[in-house]
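I have placed the structure first, in the form of structure tokens, so that the comments after it can refer back to it.
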Amino acid sequence: MNWRAISRNVGYALLVSALFMFLSVLVSFANGNDSACAALIISFTITFIVGVFPFIFVRKTSAITLKEGYLIITLSWLLSFVFGMLPYALWGGPFSLSNAWFESVSGFTTTGATILENVEALPNSLLFWRASTHFIGGLGVVVFLLLIIPGSSPIRMRLTNMELSSLSKGAYSGRTNKAVYIFAYVYLGIGAAAFISYLLAGMSPLDAVCHAMSVCATGGFSSRNLSIAAFDSTLIEGITIVFMYLSSIHFGIIYLCVVNRSVRPLKNPILSFYTLSLLVFALLTGFSLRVSGVEQSLGRALWEGAFQTVSIASTTGFAITDNASWPLSSNLLLMFMAVMCGCAGSTSGGVKADRVLVLLKSAGRQIGRILHPSSVNEVRLGKRVIREEEVNPQILYIAIYCVILAVSVLLALIFKVNDHSAFAASVSSLGNVGPAIRELGFMGNFNSLPSAAKFLFSVDMFLGRIEIYPMLAVIAMIFDGHRRR
């Protein structure tokens with residue numbers, strides 16, 4: 001195992017976190033050295049020293065193996081979680097070690113679940129750091145690393161192929177080698193546009209930057225206790241819907257639309273399926289709220305249904321209402337979207353609309369074979385025929401996802417989480433959605449859960465963010481190493 005290459009590349013990831021900790025220190029200075037200043041300075045110093053250490057004492061190396069690449073990805077994420085919890089743990093308050101770990105993992109994985117009961121009690125610098133973890137995690141600690149490594153480096157090429165799943169490469173239309181840059185351009189563009197839009201809509205600079213970093217990462221950490229509802233602005237709510245949607249569709253499609261100045265890339269079967277799903281579930285949720293009497297106005301019910309459906313499907317988790325009092329039917333509709341979520345090639349989590357569409361088409365093909373055994377049945381996405389070897393890994397992924405979800409629910413019950421919370425929190429955590437239902441809903445938090453359950457759900461968040469396969473590969477490597485011994 002080439003630990004030199006591993007340590008140097010993991011060091012890059014830690015230096016990214018150190019950079020944003022330093023920016024948080026500057027925010028603290030701008031606010032008169034608020035109460036998190038010392039915690040952030042100490043955290044920055046420790047993270048920077050550990051991150052820069054390999055560049056001083058370890059010689060540069062160029063080649064890595066497949067196993068080393070997976071270790072770089074896994075360790076980059078895990079160490080980001082560990083060092084990312086330092087500002088919380090050192091600041092104190094509600095942040096015990098388990099709570100600081102949970103908040104850090106939730107931030108970097110862009111889940112947005114929180115243990116905080118009073119977000120506004122945090123100093124501005126810590127609010128900025130909290131939103132920064134979303135921004136880093138949305139782009140990806142490994143993608144930040146790839147942006148630094150020279151384009152001709154064999155390390156960069158190998159990590160690119162591992163970090164971007166085959167699902168996410170389809171809409172780059174021959175630009176796969178530039179996929180990392182395209183993803184970064186669109187991501188930063190959405191973040192900048194969201195920041196300007198929020199400022200013009202009346203948010204303060206701090207609120208605007210925190211919500212912009214959250215929405216482009218489809219994270220959901222807000223600087224306000226009531227999330228988007230705190231601003232009581234239909235304009236801000238509308239802006240948020242637009243950017244949540246944009247952040248949950250394939251960034252390659254957005255890039256091609258802008259570069260080619262054409263809407264033709266929008267004629268994508270997966271995008272059409274995802275958009276239609278949003279419309280159907282938003283209408284169903286809205287009508288459910290109206291029929292159940294939660295909202296007396298049909299217009300308001302449809303608006304809340306649309307906002308919360310896009311919020312859950314995009315895995316952002318912002319809120320304009322509390323779903324604790326919603327009927328079971330409305331919450332179940334949201335939970336279904338929390339499993340499917342957005343498109344591959346975006347910052348959203350979940351199974352992905354791409355895989356769900358492939359599954360539905362595969363089921364249709366199988367039914368066609370039963371009814372017409374001699375006919376030729378193919379899985380098509382638009383004009384493209386999906387080969388069997390491309391279909392099987394996606395269906396297998398859904399199966400593994402469901403097994404992990406079932407195991408998570410079972411363990412949550414063992415850890416004395418109540419029935420509905422065990423299921424909803426597992427779905428929400430594995431899908432990187434954030435809020436769930438009832439006490440864990442849009443206006444709730446995870447603080448009351450046992451520490452073991454918080455750790456369990458943080459593992460779910462991590463598996464959902466790296467899309468399971470890299471972690472399974474690392475586990476297989478560990479067992480393989482033991483067998484050879």
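The values are calculated or read from the model by the stated rules, or taken from the named source; none is laboratory data. Predicted model, so just to flag it, every value in this text is computed and none were measured. Every residue, glycine as well, gets a Cβ built from its backbone with ideal geometry; the counts of neighbours run over all protein chains shown. Surface accessibility is based on the protein's heavy atoms, side chains included, excluding ligands, DNA and RNA. Shrake-Rupley method; radii C 1.70, N 1.55, O 1.52, S 1.80 Å.
Going through LEU333, LEU256, LEU271, LEU266 one at a time, which residue ends up being open to solvent by less than 70 Å² (accessible area, probe 1.4 Å), touching a Cys at 6+ places or on another chain (Cβ under 8 Å), of a type in the set (A, V, I, L, M, F, W, C) and at pLDDT below 95?
Exactly one residue qualifies, and that residue is LEU271.
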**Message:** I'd like to verify a number: residues in the stretch 58-98 that are modelled with pLDDT of 85 or more, hydrophobic (A, V, I, L, M, F, W, C) and not in a helix (DSSP H, G or I), how many?
**Reply:** 2
**Request:** Could you tell me which numbered condition THR309 fails, if it satisfies all but one of (1) in contact with a Leu (Cβ under 8 Å, 6 or more places away or on another chain); (2) hydroxyl-bearing (Ser, Thr, Tyr); (3) closer than 29 Å to ASN268 by Cβ; (4) surrounded by fewer than 23 Cβ atoms within 10 Å (Cβ to Cβ)?
**Result:** (4)
**Prompt:** Mind checking whether some residue in the stretch 448-463 is surrounded by fewer than 22 Cβ atoms within 10 Å (Cβ to Cβ) and either in contact with a Pro (Cβ under 8 Å, 6 or more places away or on another chain) or not in a helix (DSSP H, G or I) (or both)?
**Reply:** yes
**Fill in**
Checked ARG175, ARG224 against criteria (of a type in the set (D, E, K, R), at pLDDT 85 or above and open to solvent by 10 Å² or more (accessible area, probe 1.4 Å)); the one match is ARG224
**Complete:** Residues of the stretch 293-337 being among the small types (Gly, Ala, Ser) and touching a helix residue (DSSP H, G or I) at 6+ places or on another chain (Cβ under 7 Å), in sequence order, are ALA301, GLY305, ALA306, SER311, ALA313, SER314, GLY317, ALA319, ALA324, SER329, SER330
**Request:** Take the stretch 424-438 and flag every residue that is open to solvent by 10 Å² or more (accessible area, probe 1.4 Å) and part of a helix (DSSP H, G or I).
**Result:** ARG438
**Complete:** Checked the stretch 178-190 for anything open to solvent by less than 10 Å² (accessible area, probe 1.4 Å) and closer than 22 Å to ILE228 by Cβ; matches are TYR187
**Asked** open to solvent by less than 60 Å² (accessible area, probe 1.4 Å), in contact with a Phe, Trp or Tyr (Cβ under 7 Å, 6 or more places away or on another chain) and hydroxyl-bearing (Ser, Thr, Tyr), is that true of SER76?
**Response** no
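Kindly establish whether ALA363 is of a type in the set (A, V, I, L, M, F, W, C) and either touching a strand residue (DSSP E or B) at 6+ places or on another chain (Cβ under 9 Å) or surrounded by fewer than 24 Cβ atoms within 10 Å (Cβ to Cβ) (or both).
In short, yes.
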**Asked** Considering only residues of the stretch 379-405 that are assigned to a helix (DSSP H, G or I) and more than 30 Å from LEU456 (Cα to Cα), which is least open to solvent (accessible area, probe 1.4 Å)?
**Response** VAL391
**Selection count, the stretch 412-460, where residues are of a type in the set (D, E, K, R) and touching a Leu at 6+ places or on another chain (Cβ under 8 Å)** = 2
**Request:** Report, by residue number, each residue of the stretch 406-423 that is part of a helix (DSSP H, G or I) and among the aromatic types (Phe, Trp, Tyr).
**Result:** PHE423
**Message:** Scan the stretch 129-137 and tell me whether some residue there is at pLDDT 95 or above, surrounded by fewer than 20 Cβ atoms within 10 Å (Cβ to Cβ) and not in a loop (DSSP other than H, G, I, E, B).
**Reply:** no
**Item:** Any chance ILE49 is without any contact (Cβ under 8 Å) to a residue 40 or more places away in the chain and surrounded by fewer than 24 Cβ atoms within 10 Å (Cβ to Cβ)
**Value:** yes
**Request:** Collect the residues in the stretch 312-330 that are open to solvent by 40 Å² or more (accessible area, probe 1.4 Å) and either of a type in the set (S, T, N, Q) or in contact with a Cys (Cβ under 6 Å, 6 or more places away or on another chain) (or both), keeping them in residue-number order.
**Result:** SER325, SER329
**Prompt:** Quick check: is even one residue across the stretch 467-479 under 16 Å from SER106 (Cα atoms) and modelled with pLDDT under 85?
**Reply:** yes
**Asked** Looking at the stretch 5-44, which of its residues are loosely packed, with under 15 Cβ neighbours inside 10 Å and either in contact with a Gly (Cβ under 8 Å, 6 or more places away or on another chain) or more than 16 Å from LEU126 (Cα to Cα) (or both)?
**Response** none
**Request:** Answer with yes or no whether VAL376 is of a type in the set (A, V, I, L, M), farther than 30 Å from THR234 by Cα, exposed (fewer than 14 other Cβ atoms within 10 Å of the Cβ) and modelled with pLDDT under 95.
**Result:** yes
